[in-house]
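Notes follow once the structure below has been shown.
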Amino acid sequence: MDNMKLDIRKAEQFLPAGAITALQPQVKAAHEALEQGTCKGNDYLGWLHLPTQTTETFLAEVQNVADTLRKQCEVVVVAGIGGSYLGARAVIEALGNSFAWLQRDDKNPTIVFAGNNIGEDYLSELTDYLKGKRFGIINISKSGTTTETALTFRLLKKQCEEQRGKDEARNVIVAITDAHKGAARAAANKEGYKTFVIPDNVGGRFSVLTPVGLLPIAIAGFDIRRLIAGAQDMERDTALNIPFSENPAAIYAAVRNALYKEAGKKIEIMVNYQPKLHFISEWWKQLFGESEGKEGKGIFPASCDFTTDLHSMGQWIQEGERSIFETVISVETPNRQLLFPHDEENLDGLNFLAGKRVDEVNKMAELGTRLAHVDGGVPNIRISIPTLNEYYIGRLIYFFEIACGISGNVLGVNPFNQPGVEAYKKNMFALLNKPGYEADSKAIKERLQSEQ
């Protein structure tokens, strides 16, 4: 079977001789710390062997619930924020029809994502869209009190019960939450919702291969067993006993840290040439940004969709400040074939492309861009996968997860916490006069008055 490939040649040429080799001991120690549970944040390592620990019994349970919702709903709203929705959305959009939302599909429910913002127009338009529709809800929250998700779930629960009746609504609302505590768990127990557990030792950004991601993906009609199989194989291919030269995750972690420390590259741009991969990049940005961005350290994760963004960001990437490097995800073979047509008048001068696959044009755009950017001083890492399917997406997910864990340890931070995320919440709750935040509310109001 063809496999995922990692090409670092157009990155290592920007590094001093031996820079990557010099990092091998640190990379090995970082990987050992993960395996031995001695690293910072070691109480959040449940993702590490999650693929190979996933049982057929568990997958069958997830699929059974998914099939129930598929039969009873024409729309399923996934309410969650950050890692509670990005992984599922990334997989669904990578594998799905780009225009499915415009088409009526009698086989697969429409999957809608909400609970990831506090936009009043968005939520109002969502509730309007759901009027008269048989919809269900997946409420994903460990605590049940995350503002964006809790607010959205309260709105949708009320609407679902009004439209379907409380008894029927109970059968199409699923809670994915803590095993024992929290508002979402209490509500699920009280109402009798079907529940799945977010493992205590798996953080949100590493949760796509738990029910958080698997249930929405299965409802959308994709094969979660093949997804897990891909992740299982990548877990084996990146194990601690795999030599550094053959371990793509270890190499990727080493190269990006070498570029950061030795070449002063502070920004990594995740690039794709397939619009379907947009949310893979969004998921990757949270994975690495929330894992590494702390203690005044960390590579800033950005993303571009090419060739689209070459017409907006291309100039900056080609000739702007040389603080960047690119990681390109390339899909070797599309799932569909479309030939460029011949035109008798040839007013656009493109008849030289007649008979070629559109993807050939895209691949030459990719190669030409990589060459231009390297010539412009931008190191390039290339990750290629044979095609877009559940198996290779599963491989890609685990590859980035294990590489992130290793890379964060090499950087010397705790890759599994996110203390900075709480800062805005504290201020928001104080400004909204939430009970328990009285002292913070007073301090913020005095600060704002002094700044006027």
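The values are calculated or read from the model by the stated rules, or taken from the named source; none is laboratory data. Quantities reported herein were computed from a predicted structural model and do not represent experimental measurements. Because the Cβ atoms are built from the backbone with ideal geometry, glycine has one as well, and the counts that use them run over all protein chains shown. Note: accessible area is taken over every heavy atom of the protein model, side chains too, but ligands, DNA and RNA are not part of it. Shrake-Rupley method; radii C 1.70, N 1.55, O 1.52, S 1.80 Å.
Between a residue in the stretch 52-67 that is without any contact (Cβ under 8 Å) to a residue 60 or more places away in the chain and any residue that is assigned to a helix (DSSP H, G or I) and open to solvent by 60 Å² or more (accessible area, probe 1.4 Å), which pairs come within a Cβ distance under 6 Å, given they are 6 or more apart or on different chains?
Every condition considered, no pair remains.
Determine if the stretch 331-339 includes at least one residue that is modelled with pLDDT of 95 or more, buried (at least 17 other Cβ atoms within 10 Å of the Cβ) and either within 27 Å of residue 88 (Cα to Cα) or among the small types (Gly, Ala, Ser) (or both).
Taking every residue of the stretch 331-339 in turn, at least one turns out to be modelled with pLDDT of 95 or more, buried (at least 17 other Cβ atoms within 10 Å of the Cβ) and either within 27 Å of residue 88 (Cα to Cα) or among the small types (Gly, Ala, Ser) (or both).
Name the single residue that is nearest to residue 271 (Cα to Cα) among those in the stretch 296-312 being touching a residue at least 60 places away in the same chain (Cβ under 8 Å) and of a type outside the set (Val, Ile, Thr).
So the residue we want is 306.
When only residues in the stretch 265-304 that are in a loop (DSSP other than H, G, I, E, B) and within 19 Å of residue 315 (Cα to Cα) count, which is nearest to the chain's Cα centre (by Cα)?
As a first pass, look at the stretch 265-304 and keep what is in a loop (DSSP other than H, G, I, E, B): 265-266, 273-274, 293-299.
Going one step further and asking which of them are within 19 Å of residue 315 (Cα to Cα), we end up with 265-266, 273.
Working: 265: 23, 266: 21, 273: 17 Å.
Looking at residues that are in a loop (DSSP other than H, G, I, E, B) and within 19 Å of residue 315 (Cα to Cα), I get 273.
Checking the conditions here, which among 240, 277 is touching a residue at least 12 places away in the same chain (Cβ under 8 Å) and under 22 Å from residue 28 (Cβ atoms)? Give the steps one after another, and end with the answer.
Details: 277 fails: under 22 Å from residue 28 (Cβ atoms).
Checking each option against the conditions leaves just 240.
With the condition kept exactly as written, say whether any residue in the stretch 139-159 is open to solvent by 80 Å² or more (accessible area, probe 1.4 Å) and either among the aromatic types (Phe, Trp, Tyr) or without any contact (Cβ under 8 Å) to a residue 12 or more places away in the chain (or both).
Yes, the stretch 139-159 has at least one match.
If a residue must be open to solvent by less than 60 Å² (accessible area, probe 1.4 Å) and within 23 Å of residue 381 (Cα to Cα), how many such residues does the stretch 15-44 contain?
Final tally of qualifying residues: 8.
For residues in the stretch 105-143 being touching a strand residue (DSSP E or B) at 6+ places or on another chain (Cβ under 7 Å) and aromatic (Phe, Trp, Tyr), which is farthest from residue 176 (Cα to Cα)?
135
Return a yes/no flag: does the stretch 173-188 have any residue that is surrounded by fewer than 20 Cβ atoms within 10 Å (Cβ to Cβ) and of a type in the set (D, E, K, R).
yes
If I ask for residues that are assigned to a helix (DSSP H, G or I) and among the aromatic types (Phe, Trp, Tyr), which ones from the stretch 6-65 would you list?
Taking the stretch 6-65 first, the residues assigned to a helix (DSSP H, G or I) are 9-12, 19-36, 42-44, 50-53, 56-65.
If the condition is that a residue be assigned to a helix (DSSP H, G or I) and among the aromatic types (Phe, Trp, Tyr), then 44, 58 are the ones that fit.
Condition check: closer than 30 Å to residue 413 by Cα, open to solvent by less than 40 Å² (accessible area, probe 1.4 Å), in contact with a Gly (Cβ under 7 Å, 6 or more places away or on another chain) and free of Cβ contacts under 8 Å to residues at least 60 places away in the same chain. Does residue 115 satisfy that?
So residue 115 fits the description; yes.
From the set of residues in the stretch 1-14 that are more than 20 Å from residue 236 (Cβ to Cβ) and in contact (Cβ under 8 Å) with a residue 12 or more places away in the chain, which is surrounded by the fewest Cβ atoms within 10 Å (Cβ to Cβ)? Outline the logic, then answer.
Taking the stretch 1-14 and keeping what is more than 20 Å from residue 236 (Cβ to Cβ), we get 7-14.
Now drop any that are not in contact (Cβ under 8 Å) with a residue 12 or more places away in the chain, which leaves 7-8, 10-14.
Working: 7: 14, 8: 23, 10: 19, 11: 25, 12: 18, 13: 10, 14: 20.
Going through the qualifying residues, I end up with 13.
Starting from the stretch 214-234, take each residue that is in contact (Cβ under 8 Å) with a residue 40 or more places away in the chain and list its partners that are assigned to a helix (DSSP H, G or I) and of a type in the set (Lys, Arg), counting only C-beta distances under 7 angstrom and pairs at least six apart or across chains.
Correct list of pairs: 219/70; 230/395; 231/395; 233/395; 234/395.
Determine, yes or no, whether residue 321 is part of a loop (DSSP other than H, G, I, E, B), at pLDDT below 95 and open to solvent by 10 Å² or more (accessible area, probe 1.4 Å). Even if it seems obvious, please write down each step before you answer.
Working: part of a loop (DSSP other than H, G, I, E, B): yes; at pLDDT below 95: no; open to solvent by 10 Å² or more (accessible area, probe 1.4 Å): yes.
Considered against the rule, which asks whether it is part of a loop (DSSP other than H, G, I, E, B), at pLDDT below 95 and open to solvent by 10 Å² or more (accessible area, probe 1.4 Å), residue 321 comes out as no.
Here is a yes/no grid of residues against (1) part of a helix (DSSP H, G or I); (2) over 30 Å from residue 88 (Cβ atoms):
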position: 347; (1), (2): no, yes
position: 359; (1), (2): yes, no
position: 402; (1), (2): yes, no
position: 415; (1), (2): no, no
position: 427; (1), (2): yes, no
position: 446; (1), (2): yes, yes
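Please count how many residues of the stretch 428-452 are basic (Lys, Arg) and within 36 Å of the chain's Cα centre (by Cα). Talk me through it step by step, then tell me what you get.
Step one: list which residues in the stretch 428-452 are basic (Lys, Arg), which gives 434, 442, 445, 447.
Next, only the ones that are within 36 Å of the chain's Cα centre (by Cα) stay: 434.
Qualifying residue count, the stretch 428-452: 1.
Could we say that residue 319 is over 17 Å from residue 256 (Cα atoms), more than 25 Å from the chain's Cα centre (by Cα) and touching a residue at least 24 places away in the same chain (Cβ under 8 Å) here? Write out each step before concluding.
Values: over 17 Å from residue 256 (Cα atoms): yes; more than 25 Å from the chain's Cα centre (by Cα): yes; touching a residue at least 24 places away in the same chain (Cβ under 8 Å): yes.
Yes, satisfied.
Does residue 389 satisfy being within 25 Å of the chain's Cα centre (by Cα) and surrounded by 12 or more Cβ atoms within 10 Å (Cβ to Cβ)? Quick ask: steps written out before the conclusion?
On the way: within 25 Å of the chain's Cα centre (by Cα): yes; surrounded by 12 or more Cβ atoms within 10 Å (Cβ to Cβ): yes.
Taking the combined requirement at face value, the residue satisfies it.
Quick one: would you say residue 251 is of a type in the set (A, V, I, L, M) and over 29 Å from residue 55 (Cα atoms)?
Values: of a type in the set (A, V, I, L, M): yes; over 29 Å from residue 55 (Cα atoms): yes.
Answer is yes for this residue.
Among the residues in the stretch 431-449, are any modelled with pLDDT of 95 or more, among the hydroxyl-bearing types (Ser, Thr, Tyr) and either touching a His at 6+ places or on another chain (Cβ under 6 Å) or buried (at least 17 other Cβ atoms within 10 Å of the Cβ) (or both)? Walk me through it before giving the result.
From the stretch 431-449, those modelled with pLDDT of 95 or more are none; that's our starting set.
No, the conditions are met nowhere in the stretch 431-449.
Residue-by-condition table, conditions (1) surrounded by fewer than 16 Cβ atoms within 10 Å (Cβ to Cβ); (2) in contact with an Asp or Glu (Cβ under 7 Å, 6 or more places away or on another chain):
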{"residue": "329", "(1), (2)": "no, no"}
{"residue": "342", "(1), (2)": "yes, no"}
{"residue": "354", "(1), (2)": "yes, no"}
{"residue": "360", "(1), (2)": "yes, no"}
{"residue": "366", "(1), (2)": "no, no"}
{"residue": "380", "(1), (2)": "no, yes"}
{"residue": "408", "(1), (2)": "no, yes"}
